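Okay, structure first, notes after.
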Amino acid sequence: MILLLGIPTESPLALVRGRLDELGAPYLLVSQRRFEDVPFRFQVSQGRVTGELTVDGKRYALEDFTAVYTRLMDHQSLPEVANEPQEAPRRLLARDWHDAVLRWYEIAPIRVVNRTAPMGSNSSKPFQAQAVTRRGFFTPETLITNDPELARAFIAEHRRVVFKSTSGIRSIVREVDEDDLRRIDAIRSCPVQFQAYVEGRNVRVHTVGDEVFSTGISTEATDYRYAHRQHGEPAVLEAVEVSDDLAAQCRALARDLELPFAGLDLKITPADEVYCFEVNPSPAYSYYESHTGQPISAALARYLVGGASHS
Amino acid sequence: MSWLSSLRAPVLNLPVMEGLCGAWRHPSEWAWLAGEAGLTTEVYQQGVPGGTAFPHAAITTRGAAMVRTVIAIDGQGIDEHLAEDLCDSCGRLGVLAKTRLLGVDLDARTGAFIGASPRPDLREGGEPVIEALFSSLIGRA
């Protein structure tokens with residue numbers, strides 16, 4: 001049986017649920033908003049992980065789950081606790097429930113999309129970039145600094161430069177302009193990642209186990225995710241094919257990072273150089289699937305179902 | 001973290017997201033890995049309702065004399081006075097934890113696993129640990 005965790009109406013989770021229904025695959029969907037009435041307990045004894053959870057009076061042995069797809073959101077933002085004081089019993093209960101669930105699937109010997117520890121590489125872009133280059137991808141010339149003079153020199157050298165966050169906190173990638181140069185001293189408060197602008201076509205590659213889905217993205221915006229805000233028009237997405245070698249490279253990088261499901265942000269230059277900016281460990285793939293019809297959710301469902309034969 | 005990872009020189013331990021000197025793992029994860037490595041462990045329990053229970057925590061609160069620390073380097077447990085199978089298991093734990101330098105705390109009386117650390121007190125190991133560290137860093141047997 002497959003365990004689905006998160007907010008049931010969230011698109012990535014809802015799509016996978018639909019695909020599992022199509023396959024007739026058994027699953028249990030647990031809304032994290034039900035932390036108060038879904039007892040959950042696990043134990044570890046001599047290397048063996050067991051436990052149970054109870055939903056609507058029915059007990060499920062954790063050992064009977066062969067795969068987990070987790071889309072748990074930050075429990076502190078759940079409507080049930082968001083307005084509660086920090087030490088409120090309800091907030092502590094939410095914390096303890098989510099911690100128990102997460103600790104269990106971190107060590108359960110089953111397929112998990114995705115475990116928390118491997119997702120951590122995305123918390124440091126320069127750290128993840130080293131794994132990216134080891135797999136043969138290009139990365140842009142990069143400067144991470146809180147020194148305005150170094151930043152000015154880098155910008156002068158590369159003519160077109162973008163800046164973004166260094167951590168996994170989402171930022172809108174923007175090109176440095178005159179206004180930014182006037183306020184460059186502000187970076188003394190916090191290091192910023194500057195990168196030489198790379199010309200080329202945006203390609204988003206989703207890897208699901210051994211399956212690869214490539215989406216070409218056309219836009220004049222610097223950050224296609226915010227194309228409408230930056231350029232007044234949304235990006236245009238379409239399914240594209242990449243070479244077998246590139247597909248294999250993407251699969252290998254996702255494996256290196258221990259991510260059964262990953263979203264790779266690539267840019268392919270006119271000279272066919274492939275740059276990789278980021279490997280997203282929790283891809284919101286539904287945006288791409290809804291625009292192109294690429295059956296990423298079906299691949300996810302197949303991967304989760306495949307866990308039964310590997311348990 | 002990325003700077004340490006970029007160094008060409010040997011680094012013990014390489015930084016990971018869970019710690020700059022190696023992974024600081026959750027007790028549940030240590031309990032699981034220790035069992036896989038062949039160490040005797042007490043049962044770890046966690047959940048809602050019920051909370052968390054890991055009896056080993058009580059051992060450390062009764063004093064350092066109750067705890068024996070074995071240093072494991074590159075898959076080898078180093079303790080001349082410890083049974084070979086326990087040394088082997090400590091070494092295996094380092095391998096399973098993907099941590100080249102690991103301090104493994106055992107119950108001094110029973111040899112049962114208590115905890116582990118990627119930043120052990122190297123004084124516990126004496127000269128044999130220094131020699132093993134030297135070999136690991138320099139790369140000679």
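The values are calculated or read from the model by the stated rules, or taken from the named source; none is laboratory data. Computed from a prediction, not measured in an experiment: that's the story for all the values here. Cβ: placed from backbone, ideal geometry, glycine included. Neighbour counts: every protein chain shown. Surface areas here come from the heavy atoms of the whole protein model, side chains and all, with no ligands, DNA or RNA. Shrake-Rupley method; radii C 1.70, N 1.55, O 1.52, S 1.80 Å.
No other residue among A:Arg111, A:Arg41, A:Arg33 is open to solvent by 20 Å² or more (accessible area, probe 1.4 Å), under 26 Å from A:Ile296 (Cβ atoms), touching a helix residue (DSSP H, G or I) at 6+ places or on another chain (Cβ under 9 Å) and at pLDDT 95 or above apart from A:Arg111. Among the conditions (1) of a type outside the set (Lys, Arg); (2) assigned to a strand (DSSP E or B); (3) open to solvent by 60 Å² or more (accessible area, probe 1.4 Å), the only one that A:Gln86 does not satisfy is (2). Considering the range B:35-52, the residues that are open to solvent by 10 Å² or more (accessible area, probe 1.4 Å) and more than 8 Å from chain A (Cβ to nearest Cβ) include one that is farthest from A:Pro39 (Cα to Cα), namely B:Gly38. The one condition from (1) open to solvent by 40 Å² or more (accessible area, probe 1.4 Å); (2) touching a Lys or Arg at 6+ places or on another chain (Cβ under 9 Å); (3) in contact (Cβ under 8 Å) with a residue 60 or more places away in the chain that A:Ser290 does not meet is (2).
Each row is one residue, and each column tells you yes or no for (1) over 28 Å from A:Gly209 (Cα atoms); (2) without any contact (Cβ under 8 Å) to a residue 60 or more places away in the chain.
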| site | (1), (2) |
| --- | --- |
| A:Ala67 | no, no |
| A:Thr70 | no, no |
| A:Met73 | no, no |
| A:Leu78 | yes, yes |
| A:Pro85 | yes, yes |
| A:Ala88 | yes, yes |
| A:Arg91 | yes, yes |
| A:Ala100 | no, no |
| A:Glu106 | no, yes |
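In contact (Cβ under 8 Å) with a residue 40 or more places away in the chain, out of contact with any strand residue (DSSP E or B) (no Cβ under 7 Å at 6 or more places or on another chain) and not small (Gly, Ala, Ser), is that true of B:Asp85?
So B:Asp85 fits the description; yes.
When you scan the range B:36-44, do you find a residue that is within 12 Å of the chain's Cα centre (by Cα), aliphatic (A, V, I, L, M), within 14 Å of B:Val129 (Cβ to Cβ) and at pLDDT 95 or above, even just one? No, the range B:36-44 contains no residue that is within 12 Å of the chain's Cα centre (by Cα), aliphatic (A, V, I, L, M), within 14 Å of B:Val129 (Cβ to Cβ) and at pLDDT 95 or above. For beta carbons closer than 8 Å, sequence separation of 6+ or different chains, a first residue in the range A:42-58 that is more than 11 Å from chain B (Cβ to nearest Cβ) and a second that is open to solvent by 20 Å² or more (accessible area, probe 1.4 Å) and not in a strand (DSSP E or B), the qualifying pairs are A:Val55/A:Arg34.
Could you tell me whether A:Ala247 is out of contact with any helix residue (DSSP H, G or I) (no Cβ under 6 Å at 6 or more places or on another chain), surrounded by fewer than 20 Cβ atoms within 10 Å (Cβ to Cβ) and at pLDDT 95 or above? So that I can check it myself, show each step before the final result.
Values: out of contact with any helix residue (DSSP H, G or I) (no Cβ under 6 Å at 6 or more places or on another chain): yes; surrounded by fewer than 20 Cβ atoms within 10 Å (Cβ to Cβ): yes; at pLDDT 95 or above: yes.
So A:Ala247 fits the description; yes.
Taking the stated definitions as given, is B:Arg100 under 16 Å from the mean Cα position of the chain (by Cα), modelled with pLDDT of 95 or more, more than 25 Å from A:Asp99 (Cβ to Cβ) and surrounded by fewer than 23 Cβ atoms within 10 Å (Cβ to Cβ)? Quick ask: steps written out before the conclusion?
On the way: under 16 Å from the mean Cα position of the chain (by Cα): yes; modelled with pLDDT of 95 or more: yes; more than 25 Å from A:Asp99 (Cβ to Cβ): yes; surrounded by fewer than 23 Cβ atoms within 10 Å (Cβ to Cβ): yes.
Yes.
Taken over the range B:70-97, the criterion of being open to solvent by less than 30 Å² (accessible area, probe 1.4 Å) and of a type in the set (Val, Ile, Thr) is satisfied by B:Val70, B:Ile71, B:Ile73, B:Ile78.
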